[in-house]
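Enquirer: One structure is given below, represented as structure tokens, and several questions about it will come after.
The values are calculated or read from the model by the stated rules, or taken from the named source; none is laboratory data. Note that this is a predicted model, so its numbers are computed, not measured. Quick reminder, even Gly has a Cβ in these numbers, built from the backbone with ideal geometry, and neighbours come from all protein chains shown.
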Amino acid sequence: MNSRSRFSGFFWLCISIFVCIESVQSGIGTFRSPGPGFLPFWSGVALGTFALILVVSDILKKKEGQKNINLWGGKRWRNVILILISLFAYALLLPKLGYLITTFWLMAFLYSMIGRSRLWVQGVSALITVLVTYIIFYVWLEVQLPKGVFGF
Amino acid sequence: MDIFHNLLYGFSIGLQPANLLACFIGVSMGTLVGVLPGIGPVGAMSILLPTTFRMSPVSAVIMLSGIYYGVMYGGSTTSILVNIPGEAASVVTCLDGYQMAKQGRAGPALGIAAFGSFIAGTLGVVGLMLFAAPLAEFGLRFGPPEYFAVILLGLTLVTYLSQGSVIKGLMMAAFGLILSCIGLDQISASPRMTFNILQLLDGIDMVPLVMGLFGIAEILINIEESANPEILETKIKNLFPSVSDWIQAKGAILRGSILGFFIGILPGGGGVISSFLSYSLEKRISKNPEKFGKGAIEGVAGPESANNSATSGAFVPFFTLGIPPNVVMALLFGALVIHGMRPGPLLLQDHPDIFWGVVSSMYIGNVMLLVLNLPLIPLWVQVLKVPYRILFPLILLFCLIGSYSLRNSSFDVIVMIIFGIVGYLFRKFAYEGAPLVLAFVLGPMVELNLRQSLLLSKGSFLIFFSRPISAAAIIVAIILCITPVVSYFLKIKKNTNPLLKVI
């Protein structure tokens, strides 16, 4: 382990404190009559305790001179951010623009992201993907895909 | 005779065209997922779960089960030909399978993996038939304390036997329990941790959570790397192992089948652990242990048999006690709940069609898999050559459609993306998603049985120690929880680095 364990340990410690506060507000109750906050409270306590052990152990190990591992170096993490932005945009636009339009743009974007093919190939691939999935899910499996303001 | 009649009844269900089709789709998808590195059975099952909503419960479980044991078959192909495990349970197959392929014996390696899987899968189903009924009767004696204790033991075992840090596993289990509490309280119907978000009143749905943690996160990790697996360019011939191959492998197949089945029953067991244990067992009892890692056929036959029979074993506690022993079964549990069924001791009495239909479909599915995995090997090799830049947008799209179709709501899509980010960060920070999902699925059962037990005992925890089953389960769970701490203090005494191996 290294400082990533310490960092994540602190994060979980904060989460556990937050959960405990929320559980108290919901009502922990008593052992005789447990309330709605009973299980989340004790789960929060357990999470916090384990997180504390993780942080302490990491501090002890740090003294022994363990090296940190760079989690982001040499990785194409910008691709990850771009994909996440596109997915969030997709989720927000899907009910407004409908399945066909939103999915076409998402697919065209994803195919272009790590592909080396020409623009028209990416466009045609996106179109085929949208139509095939539309037939499978909307026509065949009768999944209610959103139509959006344009009605398709 | 009862079993024979029930099995015939099962075949009358399993052989119905709709169920045959569901079985075929399941095992084909399972093989495909097993062959493709990067997406495991959990991701595949969660992606395909929404497609089962319009099926009957029997067909849905048959298809999802088919994916589970189909993955175990398919995983060996990638391990043997590419030296990259298609899924975690085939990791150990790489050791000798790839060496055999390099020596020009890819055919016998693939053949013995498929035949071993077939024999083990069939023996596992026989075991499932024999063990299920008596265990279900035993399960009828369970009250809230027993259920709480056994589930707690299961969660502890899952974290204890997981590949990473035990402390991190326990943290994930605790977090899973917290997430399962979001929404209306089961008893008082008061909202908990909903933050005035209307959609959270129903709680977080399992499907977007699992799709995010396993499906989306896997894609994000793969996108970050630029690994292009190299497929061994070898001619695949002699898929039917020779007589000497059979003589060498027969013991390993039998031992792997028995070992895998019983490991599969244990909470936290399953394909990964059983395949590793089978490999070490074969190496230990071999007259030529030095052959292992250099192309020993027993090193392929044993683990591949073990991981297949473990899948059948995992169905035993699932069907009889209603307790999923691993994350894949937790997903199957969720699927049955969506269809209005609850696995448990009463399932065999109330819905014998589901149990016997699934059992018969496993026999049928094993035959289908043998056909799919031997003559069609060249096809699966071609699948391996599909570029990831084509695969990943499709997988993403299936995840998006799957999560949207649950409640026709973009909220579930956003939940899935958020858990995708969470899962991605989990990988980065070495946390495992499996204990979280299992705790999330079992959370409502844990809460209900814990609160009922405390109400029955008027607040006394002694209720868990006054009954033999719950006492034994709780004591083992406590031992497993405190072992890392005890080990820590022992190492402090020895003045060595205390937590390096424990945490």
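Enquirer: Pairs under 7 Å by beta carbon, first residue at positive phi in the stretch B:341-367, partner in a helix (DSSP H, G or I) and modelled with pLDDT under 90, six or more apart or different chains?
Expert: The qualifying pairs are B:Gly344/B:Gly139; B:Gly344/B:Leu321.
Enquirer: Sticking with this structure for a sec: Output the residue which, of all residues in the stretch A:1-45 that are among the charged types (D, E, K, R) and surrounded by 15 or more Cβ atoms within 10 Å (Cβ to Cβ), is farthest from B:Ala174 (Cα to Cα).
Expert: So the first thing to find is which residues in the stretch A:1-45 are among the charged types (D, E, K, R), and the list is A:4, A:6, A:22, A:32.
Going one step further and asking which of them are surrounded by 15 or more Cβ atoms within 10 Å (Cβ to Cβ), we end up with A:4, A:6, A:22.
On the way: A:Arg4: 20, A:Arg6: 18, A:Glu22: 15 Å.
Result: A:Arg4.
Enquirer: Something else: State which residue pairs qualify: first residue touching a residue at least 12 places away in the same chain (Cβ under 8 Å) and closer than 18 Å to B:Ile247 by Cα and inside the stretch B:88-117, second residue assigned to a helix (DSSP H, G or I) and aromatic (Phe, Trp, Tyr) in any location, beta carbons under 6 Å apart, and separation of 6 or more residues or different chains.
Expert: Pairs found: B:Ser117/B:Tyr73.
Enquirer: Residues that are at pLDDT below 90 and among the polar types (S, T, N, Q): does the stretch B:181-188 have at least one?
Expert: Yes.
Enquirer: Determine whether the stretch B:153-169 contains at least one residue that is aromatic (Phe, Trp, Tyr) and outside any helix (DSSP H, G or I). Explain how you work it out, then say what you get.
Expert: Kept after step one, since they are aromatic (Phe, Trp, Tyr), are these residues of the stretch B:153-169: B:160.
Right, trim to outside any helix (DSSP H, G or I) and you get none.
No: zero hits.
Enquirer: Moving on. Which condition does B:Val300 not pass, out of (1) farther than 18 Å from B:Asn373 by Cβ; (2) assigned to a helix (DSSP H, G or I), if it passes all the others?
Expert: If we test B:Val300 against (1) farther than 18 Å from B:Asn373 by Cβ; (2) assigned to a helix (DSSP H, G or I), just (1) comes out false.
Enquirer: Please specify each residue of the stretch B:469-490 satisfying the condition of being over 22 Å from B:Met172 (Cβ atoms) and either within 29 Å of the chain's Cα centre (by Cα) or in contact (Cβ under 8 Å) with a residue 12 or more places away in the chain (or both). Quick ask: steps written out before the conclusion?
Expert: Restricting attention to the stretch B:469-490, the residues satisfying the condition of being over 22 Å from B:Met172 (Cβ atoms) are B:469-472, B:475, B:489-490.
Answer for the stretch B:469-490, where residues must be over 22 Å from B:Met172 (Cβ atoms) and either within 29 Å of the chain's Cα centre (by Cα) or in contact (Cβ under 8 Å) with a residue 12 or more places away in the chain (or both): B:Ile469, B:Ser470, B:Ala471, B:Ala472, B:Ile475.
Enquirer: Going by the conditions given, is B:Met362 more than 8 Å from every other protein chain (Cβ to nearest Cβ), under 30 Å from B:Ala106 (Cβ atoms), in contact with a Cys (Cβ under 7 Å, 6 or more places away or on another chain) and of a type in the set (A, V, I, L, M, F, W, C)?
Expert: Details: more than 8 Å from every other protein chain (Cβ to nearest Cβ): yes; under 30 Å from B:Ala106 (Cβ atoms): yes; in contact with a Cys (Cβ under 7 Å, 6 or more places away or on another chain): no; of a type in the set (A, V, I, L, M, F, W, C): yes.
For B:Met362, the condition - more than 8 Å from every other protein chain (Cβ to nearest Cβ), under 30 Å from B:Ala106 (Cβ atoms), in contact with a Cys (Cβ under 7 Å, 6 or more places away or on another chain) and of a type in the set (A, V, I, L, M, F, W, C) - is not met.
Enquirer: Also: Give just the number: which of (1) buried (at least 19 other Cβ atoms within 10 Å of the Cβ); (2) within 30 Å of B:Lys458 (Cβ to Cβ); (3) of a type outside the set (Phe, Trp, Tyr) does B:Leu140 not satisfy?
Expert: (1)
Enquirer: Can you tell me which residue in the stretch A:80-122 is farthest from A:Pro146 (Cα to Cα), limited to those that are of a type in the set (Lys, Arg) and in contact with a helix residue (DSSP H, G or I) (Cβ under 9 Å, 6 or more places away or on another chain)?
Expert: Going through the stretch A:80-122, the residues of a type in the set (Lys, Arg) turn out to be A:96, A:116, A:118.
Imposing the further condition that a residue be in contact with a helix residue (DSSP H, G or I) (Cβ under 9 Å, 6 or more places away or on another chain) reduces the set to A:96, A:116.
Numbers: A:Lys96: 8, A:Arg116: 31 Å.
Here the residue is A:Arg116.
Enquirer: Now for a different question. Just a yes or no: is a residue in the stretch B:181-189 buried (at least 24 other Cβ atoms within 10 Å of the Cβ), within 14 Å of chain A (Cβ to nearest Cβ) and within 29 Å of A:Phe50 (Cβ to Cβ)? Let's see the steps before the verdict.
Expert: Step one: filter the stretch B:181-189 for residues buried (at least 24 other Cβ atoms within 10 Å of the Cβ), giving B:181.
Subsequent filtering for residues that are within 14 Å of chain A (Cβ to nearest Cβ) retains B:181.
Within this subset, residues satisfying the condition of being within 29 Å of A:Phe50 (Cβ to Cβ) are B:181.
Checked the stretch B:181-189: at least one residue is buried (at least 24 other Cβ atoms within 10 Å of the Cβ), within 14 Å of chain A (Cβ to nearest Cβ) and within 29 Å of A:Phe50 (Cβ to Cβ).
Enquirer: Still on this structure, please answer the following. Restricting attention to the stretch B:52-65, does a residue exist that is away from chain A (no Cβ under 14 Å), at pLDDT 85 or above and closer than 20 Å to B:Leu370 by Cβ?
Expert: Of the residues in the stretch B:52-65, the ones away from chain A (no Cβ under 14 Å) are B:56-58, B:61-62, B:64-65.
Adding the requirement that they be at pLDDT 85 or above leaves B:56-58, B:61-62, B:64-65.
From the residues that got through so far, the ones that are closer than 20 Å to B:Leu370 by Cβ too are B:62, B:65.
Within the stretch B:52-65, one or more residues are away from chain A (no Cβ under 14 Å), at pLDDT 85 or above and closer than 20 Å to B:Leu370 by Cβ.
Enquirer: Something else about it: Report yes if B:Pro343 is of a type outside the set (S, T, N, Q) and outside any helix (DSSP H, G or I), otherwise no. Talk me through it step by step, then tell me what you get.
Expert: Values: of a type outside the set (S, T, N, Q): yes; outside any helix (DSSP H, G or I): yes.
Spelling it out, B:Pro343 is indeed of a type outside the set (S, T, N, Q) and outside any helix (DSSP H, G or I).
Enquirer: Can you tell me which residue within the stretch A:124-152, out of those that are farther than 26 Å from B:Met55 by Cβ and either assigned to a loop (DSSP other than H, G, I, E, B) or in contact with a helix residue (DSSP H, G or I) (Cβ under 6 Å, 6 or more places away or on another chain) (or both), is modelled with the lowest pLDDT? It would help to see each step written out before you state the result.
Expert: Keep residues of the stretch A:124-152 that are farther than 26 Å from B:Met55 by Cβ, which gives A:124-128, A:148-152.
With the extra rule that they be either assigned to a loop (DSSP other than H, G, I, E, B) or in contact with a helix residue (DSSP H, G or I) (Cβ under 6 Å, 6 or more places away or on another chain) (or both), the set shrinks to A:125-126, A:148-152.
Working: A:Ser125: 89, A:Ala126: 92, A:Gly148: 80, A:Val149: 80, A:Phe150: 80, A:Gly151: 73, A:Phe152: 69.
Checking each candidate, the answer is A:Phe152.
Enquirer: So, in the stretch B:170-193, exactly how many residues are under 16 Å from A:Gly44 (Cα atoms) and among the hydroxyl-bearing types (Ser, Thr, Tyr)?
Expert: Qualifying residue count for the region: 1.
Enquirer: While we're looking at this one, here's another question. Does B:Leu48 meet the test of being hydrophobic (A, V, I, L, M, F, W, C), at pLDDT 85 or above and farther than 20 Å from B:Val125 by Cα? Full working, then the answer.
Expert: On the way: hydrophobic (A, V, I, L, M, F, W, C): yes; at pLDDT 85 or above: no; farther than 20 Å from B:Val125 by Cα: yes.
So B:Leu48 does not fit the description; no.
Enquirer: If a residue has to be more than 25 Å from B:Ala133 (Cβ to Cβ), touching a Lys or Arg at 6+ places or on another chain (Cβ under 9 Å) and hydrophobic (A, V, I, L, M, F, W, C) to count, how many in the stretch B:290-348 make the cut?
Expert: 4
Enquirer: Does any residue of the stretch B:409-417 turn out to be within 30 Å of B:Leu170 (Cα to Cα) and within 22 Å of the chain's Cα centre (by Cα)? Before the answer, list the steps.
Expert: Step one: list which residues in the stretch B:409-417 are within 30 Å of B:Leu170 (Cα to Cα), which gives B:411-417.
Remaining after also requiring within 22 Å of the chain's Cα centre (by Cα): B:416.
Among the residues of the stretch B:409-417, at least one is within 30 Å of B:Leu170 (Cα to Cα) and within 22 Å of the chain's Cα centre (by Cα), which makes the answer yes.
Enquirer: If you take just the helices (runs of 4 or more DSSP H) that sit entirely in the stretch B:365-480, which of them hold at least 1 residues that are within 14 Å of chain A (Cβ to nearest Cβ)? Even if it seems obvious, please write down each step before you answer.
Expert: Working: elements: B:377-384, B:388-407, B:410-428, B:434-456.
Once the helices (runs of 4 or more DSSP H) in the stretch B:365-480 are filtered for at least 1 residues that are within 14 Å of chain A (Cβ to nearest Cβ), what remains is B:388-407, B:410-428, B:434-456.
Residues are listed down the side, and each one gets a yes or a no for (1) crowded, with 23+ Cβ neighbours inside 10 Å; (2) among the hydrophobic types (A, V, I, L, M, F, W, C); (3) at positive phi:
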{"position": "B:Asn373", "(1), (2), (3)": "yes, no, no"}
{"position": "B:Pro387", "(1), (2), (3)": "no, no, no"}
{"position": "B:Phe392", "(1), (2), (3)": "no, yes, no"}
{"position": "B:Leu400", "(1), (2), (3)": "yes, yes, no"}
{"position": "B:Val415", "(1), (2), (3)": "yes, yes, no"}
{"position": "B:Phe429", "(1), (2), (3)": "no, yes, no"}
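Enquirer: Kindly evaluate B:Met45 against the criterion of being buried (at least 21 other Cβ atoms within 10 Å of the Cβ), under 23 Å from B:Glu304 (Cα atoms) and free of Cβ contacts under 8 Å to residues at least 60 places away in the same chain.
Expert: no
Enquirer: Looking at this structure, is B:Arg141 under 28 Å from B:Glu447 (Cα atoms) and part of a loop (DSSP other than H, G, I, E, B)? Outline the logic, then answer.
Expert: Details: under 28 Å from B:Glu447 (Cα atoms): yes; part of a loop (DSSP other than H, G, I, E, B): yes.
Judged against the criteria, B:Arg141 is a match.
Enquirer: Still on this structure: Would it be correct to say that A:Gly35 is at pLDDT 90 or above, on the phi > 0 side of the Ramachandran plot and out of contact with any helix residue (DSSP H, G or I) (no Cβ under 6 Å at 6 or more places or on another chain)? Spell out how you get there, then give the answer.
Expert: On the way: at pLDDT 90 or above: yes; on the phi > 0 side of the Ramachandran plot: no; out of contact with any helix residue (DSSP H, G or I) (no Cβ under 6 Å at 6 or more places or on another chain): yes.
Taking the combined requirement at face value, the residue does not satisfy it.
Enquirer: Separate question: When residues of the stretch B:84-135 are filtered for being over 19 Å from the mean Cα position of the chain (by Cα), assigned to a helix (DSSP H, G or I) and of a type in the set (S, T, N, Q), how many remain?
Expert: 1
Enquirer: Quickly run through the stretch B:46-83 and pick out the residues that are part of a loop (DSSP other than H, G, I, E, B) and over 15 Å from B:Leu36 (Cα atoms).
Expert: B:Phe53, B:Arg54, B:Met55, B:Ser56
Enquirer: Need pairs with beta-carbon distance below 6 Å; first residue over 18 Å from B:Ile167 (Cα atoms) and within the stretch A:12-25, second assigned to a helix (DSSP H, G or I) and aromatic (Phe, Trp, Tyr); sequence gap 6+ or separate chains.
Expert: Going by the 6 Å Cβ cut-off, the qualifying pairs are A:Cys20/A:Phe41; A:Ser23/A:Phe41.
Residue-wise test of (1) at the interface with chain B (Cβ under 8 Å from one of its Cβ atoms); (2) surrounded by 15 or more Cβ atoms within 10 Å (Cβ to Cβ); (3) of a type in the set (Gly, Ala, Ser); (4) in contact with an Asp or Glu (Cβ under 8 Å, 6 or more places away or on another chain).
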position: A:Met107; (1), (2), (3), (4): yes, yes, no, no
position: A:Ser117; (1), (2), (3), (4): no, no, yes, no
position: A:Trp120; (1), (2), (3), (4): no, no, no, no
position: A:Val124; (1), (2), (3), (4): no, no, no, no
position: A:Ile128; (1), (2), (3), (4): no, no, no, no
position: A:Leu131; (1), (2), (3), (4): no, no, no, no
position: A:Trp140; (1), (2), (3), (4): no, no, no, no
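Enquirer: Does B:Tyr388 count as among the hydroxyl-bearing types (Ser, Thr, Tyr) and modelled with pLDDT under 85?
Expert: For B:Tyr388, the condition - among the hydroxyl-bearing types (Ser, Thr, Tyr) and modelled with pLDDT under 85 - is met.
Enquirer: Condition check: modelled with pLDDT of 85 or more and farther than 19 Å from B:Gly420 by Cα. Does B:Ile204 satisfy that? Walk me through how you get there before you give the answer.
Expert: Details: modelled with pLDDT of 85 or more: yes; farther than 19 Å from B:Gly420 by Cα: no.
So B:Ile204 fails the test.
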